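Take a look at the structure set out below.
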Amino acid sequence: MGEREWAYRRRQPERTVLYEAVRDNLATLLAEASEVGRGLPRYVERDFSRYLECGVLAHGFARD
């Protein structure tokens with residue numbers, strides 16, 4: 001069998017527009033939601049935080 005013609009390239013979520021928008025505006029969103037009322041549900045805050053960690057090697061990684 002021949003060698004694979006492709007090489008692994010790490011996904012770089014920190015370079016996407018969505019990642020930058022969430023990173024740059026999450027603190028403001030959370031603060032304004034708290035000022036207006038009860039804030040956002042905990043699962044929303046948790047999921048945004050996890051999104052910002054996902055795929056970023058500084059937060060750890062898993063290897064199969």
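The values are calculated or read from the model by the stated rules, or taken from the named source; none is laboratory data. Quantities reported herein were computed from a predicted structural model and do not represent experimental measurements. Here the Cβ is made from the backbone with ideal geometry for all residues, glycine too, and neighbour counts use every protein chain on show.
See the values below:
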read-out	value
Single match in S34, S49 (criterion: more than 16 Å from the chain's Cα centre (by Cα) and at pLDDT 90 or above)	S34
Condition met for E14 (assigned to a helix (DSSP H, G or I), of a type in the set (D, E) and modelled with pLDDT under 95)	yes
Test result for E5, at pLDDT below 85 and not hydrophobic (A, V, I, L, M, F, W, C)	yes
Matching residues, segment 17-64, being exposed (fewer than 11 other Cβ atoms within 10 Å of the Cβ) and part of a loop (DSSP other than H, G, I, E, B)	G37, R38, P41, G60, F61, A62, R63, D64
